[in-house]
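The block underneath contains the structure these notes are about, expressed in structure tokens.
The values are calculated or read from the model by the stated rules, or taken from the named source; none is laboratory data. As the structure is a prediction and not an experimental result, all values here were calculated from the model. FYI the Cβ positions are ideal-geometry reconstructions off the backbone, even for glycines, and counts take in every protein chain you see. Surface accessibility is based on the protein's heavy atoms, side chains included, excluding ligands, DNA and RNA. Shrake-Rupley method; radii C 1.70, N 1.55, O 1.52, S 1.80 Å.
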Amino acid sequence: MIRYLYANELKTAPLLKETMFLDRADQFKIRLGWDVKLEDNGYERDEYDSHNPLYVIYQKADGTHGGSMRLLPSTGRTMVNEHFSEILGGGDVRNPFIWECTRFCLARNTEPRTAAALMLAGGEVMENFGVKHFVGVFDARMVRIYRMIGASPEVLGSTGDGREKISVGLWSFTDEARMRVAQKAGISAALSKLWFERAFGSDAPKVSEFA
């Protein structure tokens with residue numbers, strides 16, 4: 001199932017919290033070899049986790065983390081603006097209708113449809129919060145995954161070549177894309193909506209409240 005939790009709500013789901021940050025360490029530090037710092041408890045957390053982001057999390061049947069992504073309004077501090085603006089020619093992305101999506105993580109041996117389920121959940125956030133686009137940085141390995149899911153971004157800029165290529169992308173979520181991703185995820189629109197409403201009810205906050 002999909003869980004939507006702000007950082008200050010993670011304490012209500014300690015097992016999910018622990019396994020998410022440990023899986024992030026496993027993916028970004030161990031498997032990908034990124035230059036990220038780990039905490040003494042083995043967690044991978046950075047400065048943006050301290051800004052109360054919204055985490056979209058795929059929770060497995062045993063209550064552990066299967067995959068996740070982190071969302072922050074682009075009107076505040078973001079990785080794209082503070083660390084990757086050179087990819088955009090020195091510009092930045094600041095718009096209340098654009099949110100940054102980072103730390104897209106899939107646990108080892110998670111269910112094959114986890115990535116599509118997360119993308120579908122991202123579409124719920126966009127539709128119900130009034131967000132028009134997600135912006136994010138991705139590496140070359142993710143191109144195949146996005147294409148497989150049916151949710152490829154518009155590339156705003158890139159640097160590097162081959163497996164070292166890093167890009168900034170902009171995602172939208174049309175009705176057509178929703179149908180493709182829902183089919184890949186094997187999740188009905190009704191179930192996806194139910195998971196969202198369990199977290200926010202039928203009155204989700206709109207982008208004007210984050211501007």
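Would you calculate the convex hull of the Cα atoms in the chain and tell me its volume per residue in Å³?
Each residue corresponds to 118 Å³ of Cα convex hull volume.
Counting pairs of alpha carbon atoms under 8 Å apart in space and at least six apart in sequence, what relative contact order in percent does the stretch 95-183 give?
32 percent
Give me the accessible area per residue for the chain, probe 1.4 Å, as a whole number in Å².
50 Å²
Pull out a ≥ b ≥ c, the square roots of the eigenvalues of the alpha-carbon gyration tensor of the stretch 95-211, then state rounded if a/c is under 1.5, prolate if not and a/b is larger than b/c, and oblate in the remaining case.
Because a/c hits 1.5 or more and a/b fails to exceed b/c, the stretch 95-211 counts as oblate.
At 7 Å along the Cα-to-beta-carbon direction for both E9 and D92, put a label point, then send me their distance in nm to one decimal.
2.8 nm
Lysines near K193 by alpha-carbon distance under 29 Å, same-chain residues fewer than 8 away left out - which ones?
K11, K17, K60, K132, K184, K206
For the stretch 36-144, compute Rg over Rh where Rg is the Cα radius of gyration and Rh is the Kirkwood radius from the inverse mean 1/r over Cα pairs.
0.97
Can you tell me how much longer the chain between I30 and R108 gets when fully stretched, taken as 0.36 nm per residue apart minus their C-alpha distance, in nm with one decimal?
26.9 nm
Among G157, G67, G33, determine the one that fluctuates most according to a GNM of the chain built with springs between C-alpha atoms less than 10 Å apart.
Of the options given, G33 has the highest mean-square fluctuation.
Indicate the helices, whole DSSP H runs only, in the chain that combine a mean Kyte-Doolittle hydropathy of -0.5 or more with a Cα extent along their long axis of 20 angstrom or more. Present the calculation step by step, with values, prior to reporting the outcome.
Values: long enough: 114-129 (22 Å, 0.85).
Span-like helices, by this rule, are 114-129.
Where in the stretch 13-50 are there chymotrypsin sites (Phe, Trp or Tyr not before Pro) that are in a DSSP coil and have at most 14 other Cβ atoms within 10 angstrom of their Cβ?
Counting only loop positions with at most 14 other Cβ atoms within 10 Å, the chymotrypsin sites (Phe, Trp or Tyr not before Pro) in the stretch 13-50 are W34.
Using Cα pairs closer than 8 Å and at least 6 residues apart in sequence, work out the relative contact order for the chain, in percent.
21 percent
So what is the calculated 222 nm ellipticity per residue for the chain, using -39500 (n - 2.57) for each DSSP H run with n of 4 or more, over all residues, to the nearest 500 deg cm²/dmol?
-9500 deg cm²/dmol
Cut-off 10 angstrom, C-alpha nodes, Gaussian network model of the chain. Which of V36, V137, V80 fluctuates the most?
Looking only at V36, V137, V80, the largest GNM fluctuation is found for V36.
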